[in-house]
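Q: Have a look at this one.
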Amino acid sequence: MSDEMIKKAQILERDPVYVAQELSKIIKIMLARMSPEAQTRSFINVKNRVKKFNTIEISSKKNPGGAAIGVSLGLIKNVLNGKDPYFINVVLQELAKRL
């Protein structure tokens, strides 16, 4: 990876709007398997729960590196649960290239 790409990535990960956009994309992928009616209710539910988060509590927590790895692996599995094996294989191969 070039130094320029690394610098851009570091800048983006500090941009709260960019982080929110990427998180919303992940949530949309995870909820995409639900029926449209259930999706609408689920988005409202997630939105309401996010609004209730305690920002001070979240900001004061420190995650050990191992916890971040475990959460990342769990997220990958949750996104891919129930998908076609070929699709899963391609996603995992592409993800491995990008990490």
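The values are calculated or read from the model by the stated rules, or taken from the named source; none is laboratory data. Worth saying up front: this structure is predicted, and the values here are computed from it rather than measured. Ideal geometry is used to build each Cβ from the backbone, glycine not excepted, and the neighbour counts take in all protein chains shown. These area figures cover heavy atoms from the full protein model, side chains too; ligands, DNA and RNA do not enter into them. Shrake-Rupley method; radii C 1.70, N 1.55, O 1.52, S 1.80 Å.
Q: Compute, for LYS61, the solvent-accessible surface of its heavy atoms (probe 1.4 Å) with the complete set of protein chains present, and express it in square angstrom to the nearest 10.
A: We get 130 Å² for LYS61.
Q: OK, next. Run through segment 30-99 and list the chymotrypsin sites (Phe, Trp or Tyr not before Pro) located in a DSSP loop whose Cβ has at most 13 other Cβ atoms within 10 Å. It would help to have the intermediate numbers written out before the result.
A: Numbers: sites: PHE43, PHE53, TYR86, PHE87; in loops: PHE53.
Of the chymotrypsin sites (Phe, Trp or Tyr not before Pro), the ones in loops of segment 30-99 whose Cβ has at most 13 other Cβ atoms within 10 Å are PHE53.
Q: Quick one: which of LYS51/LYS77; LYS28/LYS51; LYS28/LYS77; LYS62/LYS97; LYS51/LYS83 span more than 24 angstrom between C-alpha atoms?
A: Working: LYS51/LYS77 26 Å; LYS28/LYS51 17 Å; LYS28/LYS77 15 Å; LYS62/LYS97 28 Å; LYS51/LYS83 31 Å.
From LYS51/LYS77; LYS28/LYS51; LYS28/LYS77; LYS62/LYS97; LYS51/LYS83, over 24 Å: LYS51/LYS77; LYS62/LYS97; LYS51/LYS83.
Q: What number comes out for accessible area per residue over the chain if the probe is 1.4 Å? Units Å², please. Before the final figure, lay out the partial values.
A: Working: 8670 Å² over 99 residues.
In whole numbers, the chain has 88 Å² accessible per residue.
Q: Rounded to the nearest 10 Å², what accessible area does THR55 have for a 1.4 Å probe in the complete protein model?
A: Near enough 100 Å² of accessible area.
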